[in-house]
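Engineer: Take this structure, written in C-alpha cells, and hold onto it; I'll ask about it next.
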Amino acid sequence: MAEVLVLVDHADGRLRKATAELLTIARRLGEPSAVHIGPGADRAQVTLAKYGAHKVYVVDDADAAGFLVAPQAEILAALVEKVTPAAVIIPSNAAGKEIAARLAIKTSSGLITDAVDVRAGADGIETTQSVLAGSYTVTAKVTTGTPIIAVKPNSVPLEASPAPGVVEAFAVTVSDAAKAARVTDSQPKKATGRPELTEAAIVVSGGRGTGGDFSPVEEFADSLGAAVGASRAAVDAGWYPHAHQVGQTGKQVSPQLYVAAGISGAIQHRAGMQTSKTIIAINKDEEAPIFELVDFGVVGDLFSVLPQATAEVKKRKG
Amino acid sequence: MNIVVCVKHVPDAQSERTFRESDSTIDREGVDGLLSELDEYAVEEALKLVEAAGEGEVTVLTVGPAGAADAIKKALQMGAHAGIHVSDDAIHGSDAAATSLVLAEAVKKATGGSPELVLTGMASTDGVMGVVPAMLAERLGLPQVTFASELTIADGTVTIRRDGDTASETIVASLPALVSVTDQINEPRYPSFKGIMAAKKKPVEQWGLADLGIDPSLVGLDAAWTTVVSFAKRPPRAQGQIVTDGGDGGTQLAEFLAGQKFL
Ligand SMILES: Cc1cc2nc3c(=O)[nH]c(=O)nc-3n(C[C@H](O)[C@H](O)[C@H](O)COP(=O)(O)OP(=O)(O)OC[C@H]3O[C@@H](n4cnc5c(N)ncnc54)[C@H](O)[C@@H]3O)c2cc1C
Ligand SMILES: Cc1cc2nc3c(=O)[nH]c(=O)nc-3n(C[C@H](O)[C@H](O)[C@H](O)COP(=O)(O)OP(=O)(O)OC[C@H]3O[C@@H](n4cnc5c(N)ncnc54)[C@H](O)[C@@H]3O)c2cc1C
C-alpha cells in the first residue's frame, strides 16, 4: 500500500489533537507515515503509532525548527520525491496552509485547503469543503501531481488503530533561501487552562453585547469545559485577545456545540462558526440574524440567562 | 521604495454568491463585485510606508476579468499611484497555483525582475484559502513574512509583529520580501473627493498572457491542478426552538443541553 505523509502538528513533541485526526483520515488513503519536524519526536512517537503511523520520519534539525514555513516545505518536498506518497495531509491552519502552498509549487501538485472530509474515491481521492461562508458544500479533487490536502481540525472522530510507528531519521540540508525570514522574539500566550479554540468540543463566545464584561461568558464556558471565543467587535474594543476571535479573520471553529452570547451574527462571524454541529444563541434582540442559525435560542439578557444556565449546569453535573 | 500590492476583485459577500452550473466556477457576473475588503489593509499599509518615506510609488496589481478594473479603481482612489490589470479569457477558472504564476510574472514585468516589496492581504474573501502569498513568495524566491499586525521597514529590513496561536512573534527578513497583512494592522482610509478625481488620470496597464510570456495552456480551468467535482447549496439550517426569557431562560437552556446529551 502506498504511503500517505502526515505532517505532525506539535510543540516540542506535544501533539495537537489535529494530528491524530489527520492520521485517522490518512488511514483511509493508504499507510500513514508521520513526518515529525523539530525536537520531541520520542515523546510524540507513542501517540503517532497509536493512531496508525507505520513510520515516523524524524527531521530533528535546528534549521528546520527555528525558522518559519519555508524549511518545512523543503523537507516535505524531499520526502515526496523519496517515497512518492499517495497524498500529503497537512493541518489546515495558517502555517499548515502556507507549508502546503509552497509544497504545491515545488512539486507541481494540486492543493486543496480547508477540507472537512477526505475519502478514497473510486477514481482518486475526494475531498469535501464548506465554502462561501458555509453556504455551499463542494466536492473537489486534485488532478495533477501528489494530492496535497489541508484538513480542518474537528473534521473526523478520533479512532485509534495501533501500527508500528518505526522511527526513521531523515536528513535534509535546508537552503539558505528558506532561512531568509526568522523569528527574533516570541512571547508565549498566557495559558488559560481552557481547551484550545479550534480543538474544543464546545465553544462559548461573547460579543459587543457583553459590554466588556466577559465573566458570565467565561463562567458558563468553564461549567461546560469549553473554550472561550469572541466576535471582532469585542476584540476591536480590547475586551478579549485577538487570538480568541471567531470568524473570517479570526479562527474557524467547528465544535459539537457553539454558544453565541451578545453576538448579532454578521456574515464575517458566521464564516467562522457556521459548520458547528449544534448552535445556541442568547440575544436581547429577537430580530438578530444569529437566530436564523440556531438549534436553540433565548431572547433575553445574557447577564441573567448565562448565570442561571451556569448554575443549572453545575447542579445537573453534580 | 516602490511597492506592488496584489488586490483581488471578489463577489460582494453581502449578496447571494453562487457557482456557475456550466463549469462549477464562482459566478462573477451575476453579482456585484468589489475590492476584497482584506486587501484594503494592504493598500493602506503601502500608502503609509510611501508617505512616511517621502518617496516611492504604490502599484496595485490584479488578475481577473474585465470587472476587476473596479478593484484597481478603488485602490487608485485611496491613493495608489498606478494600476496593472492582467486579464485574459484563458485565465478563467484558474486555481491558486495558476493565479500565483500569473501574479509572479506580472510582478517581475512590473519591477524589471527585482521587486523591493510585495504586499498582499491575508486571504481573499471568496476563495479564502490564504495561500497565494506563500505561493507567490515561492515563485519569486522571496522570503515571506505573513499575517503582519504591525510592520516596519528600516535599513533594508522588514520587521513585523504577528499574533500567533500560541505566541506573539516578531519576524525579521531582509528586503526584497513579500508581506501579507491582517485587518489588525490599520484602518483603511476612504477615498476623498480629491482622490476620486485624481484616480481618473492615473495610469492603468492592461496586460494579457502574451505580454507576460505565459503559455495559455498553463492556466485556466483545464490546466488547473485541482477540480471541483460537484457543488451543492447547503440546506438552510432548520431553525430550532426560540424561547423568550421569562425568568427561566437559563434553566431552559440547560435543559436543552441535557436533552442533547451535552451534560
Ligand atoms: C473585513 C472584515 C472582516 C471581519 N472579520 C470578522 C471576524 O473574523 N469575526 C467577527 O466576529 N466579525 C468580523 N467582522 C465584523 C462583523 O462584520 C461584525 O461587525 C461583528 O461580528 C459584530 O460583532 P458583534 O456581533 O459582537 O456586535 P454587534 O453586531 O454590535 O451585535 C451585538 C449584539 O449583542 C446584542 N446584545 C446587546 N446587549 C445584550 C445583552 N445584554 N444580552 C444579550 N444580547 C445583547 C445585540 O442585540 C446585538 O445583536 C469583520 C468585518 C470586516 C469588514
Ligand atoms: C469557494 C472556492 C474554493 C476554492 N478552492 C480551491 C482549492 O481548493 N484549490 C485551489 O487551488 N483553488 C481553489 N479555488 C480557486 C482559488 O480561490 C483562486 O484561484 C484564487 O485566485 C486564489 O485563491 P484565493 O482567492 O483563495 O486567494 P488567497 O490565497 O486567499 O489570497 C490571498 C491574497 O493573495 C492576493 N490575491 C489572490 N488572488 C488574487 C488575484 N486574482 N489578483 C491579485 N491578487 C490576488 C490578494 O492580496 C489576497 O489577499 C477556490 C475558489 C473558490 C471561490
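The values are calculated or read from the model by the stated rules, or taken from the named source; none is laboratory data. This structure is a prediction, so every number in the text was calculated from the model and none was measured. Every residue, glycine among them, receives a Cβ derived from its backbone with ideal geometry; neighbour counts consider all protein chains shown. The area values use the complete protein model at the heavy-atom level, side chains included, leaving out ligands, DNA and RNA. Shrake-Rupley method; radii C 1.70, N 1.55, O 1.52, S 1.80 Å.
Engineer: From A:ALA311, A:ALA271, which residue is of a type in the set (A, V, I, L, M), more than 7 Å from every other protein chain (Cβ to nearest Cβ), within 16 Å of ligand 2 (Cβ to nearest atom) and open to solvent by 10 Å² or more (accessible area, probe 1.4 Å)?
Structural biologist: Result of the check over A:ALA311, A:ALA271: A:ALA271.
Engineer: Output the residues belonging to region A:267-318 that are touching a residue at least 40 places away in the same chain (Cβ under 8 Å), under 15 Å from A:ARG208 (Cα atoms) and not in a helix (DSSP H, G or I).
Structural biologist: Scanning region A:267-318 gives A:ASN283, A:LYS284.
Engineer: With the condition kept exactly as written, say whether any residue in region B:139-151 is within 8 Å of ligand 2 (Cβ to nearest atom) and part of a loop (DSSP other than H, G, I, E, B). If you could, list the steps in order and put the result at the bottom.
Structural biologist: The first filter runs over region B:139-151 and keeps only residues within 8 Å of ligand 2 (Cβ to nearest atom), leaving none.
No, region B:139-151 contains no residue that is within 8 Å of ligand 2 (Cβ to nearest atom) and part of a loop (DSSP other than H, G, I, E, B).
Engineer: Which of the residues that make up region A:131-184 are open to solvent by 50 Å² or more (accessible area, probe 1.4 Å), among the charged types (D, E, K, R) and in a strand (DSSP E or B)?
Structural biologist: Those that are open to solvent by 50 Å² or more (accessible area, probe 1.4 Å), among the charged types (D, E, K, R) and in a strand (DSSP E or B): A:GLU168, A:ARG182.
Engineer: Now a separate question. Taking the stated definitions as given, is A:GLY96 in contact with a strand residue (DSSP E or B) (Cβ under 9 Å, 6 or more places away or on another chain), within 23 Å of B:ALA137 (Cα to Cα) and within 12 Å of ligand 2 (Cβ to nearest atom)? If you could, list the steps in order and put the result at the bottom.
Structural biologist: Numbers: in contact with a strand residue (DSSP E or B) (Cβ under 9 Å, 6 or more places away or on another chain): yes; within 23 Å of B:ALA137 (Cα to Cα): yes; within 12 Å of ligand 2 (Cβ to nearest atom): no.
For A:GLY96, the condition - in contact with a strand residue (DSSP E or B) (Cβ under 9 Å, 6 or more places away or on another chain), within 23 Å of B:ALA137 (Cα to Cα) and within 12 Å of ligand 2 (Cβ to nearest atom) - is not met.
Engineer: Then there is this: Mind checking which residues of region B:1-22 are part of a loop (DSSP other than H, G, I, E, B) and under 19 Å from B:SER87 (Cα atoms)? Reasoning before the result, please.
Structural biologist: Of the residues in region B:1-22, the ones part of a loop (DSSP other than H, G, I, E, B) are B:1-2, B:7-8, B:12-18, B:20-22.
If the condition is that a residue be part of a loop (DSSP other than H, G, I, E, B) and under 19 Å from B:SER87 (Cα atoms), then B:VAL7, B:LYS8 are the ones that fit.
Engineer: Condition test on A:VAL235, is it more than 9 Å from ligand 1 (Cβ to nearest atom) and not polar (S, T, N, Q)? Walk me through it before giving the result.
Structural biologist: Details: more than 9 Å from ligand 1 (Cβ to nearest atom): no; not polar (S, T, N, Q): yes.
No.
Engineer: While we're looking at this one, here's another question. Among (1) farther than 29 Å from A:LEU68 by Cα; (2) more than 16 Å from ligand 1 (Cβ to nearest atom), which single condition is A:VAL172 missing?
Structural biologist: Result: A:VAL172 passes all but (1).
Engineer: Another question, if that's okay. Which residue pairs have Cβ atoms under 6 Å apart, sit 6 or more places apart or on different chains, and have a first residue in region B:101-125 that is within 14 Å of chain A (Cβ to nearest Cβ) and a second that is within 16 Å of ligand 1 (Cβ to nearest atom) and in a strand (DSSP E or B)?
Structural biologist: Short answer, once both residue conditions are applied: B:THR120/B:SER180; B:MET122/B:PHE147; B:MET122/B:SER180; B:SER124/B:VAL10; B:THR125/B:VAL10.
Engineer: Just to be sure before I move on: is A:SER254 away from ligand 2 (no atom under 16 Å from the Cβ) and closer than 20 Å to B:VAL128 by Cβ in the structure I sent? Working first, answer last.
Structural biologist: Working: away from ligand 2 (no atom under 16 Å from the Cβ): yes; closer than 20 Å to B:VAL128 by Cβ: yes.
Taking the combined requirement at face value, the residue satisfies it.
Engineer: OK, next. Within region B:91-112, which residues are part of a loop (DSSP other than H, G, I, E, B) and more than 15 Å from B:LEU178 (Cβ to Cβ)?
Structural biologist: Restricting attention to region B:91-112, the residues satisfying the condition of being part of a loop (DSSP other than H, G, I, E, B) are B:92-95, B:111-112.
Of everything in region B:91-112, those that are part of a loop (DSSP other than H, G, I, E, B) and more than 15 Å from B:LEU178 (Cβ to Cβ) turn out to be B:HIS92, B:GLY93, B:SER94, B:ASP95, B:GLY112.
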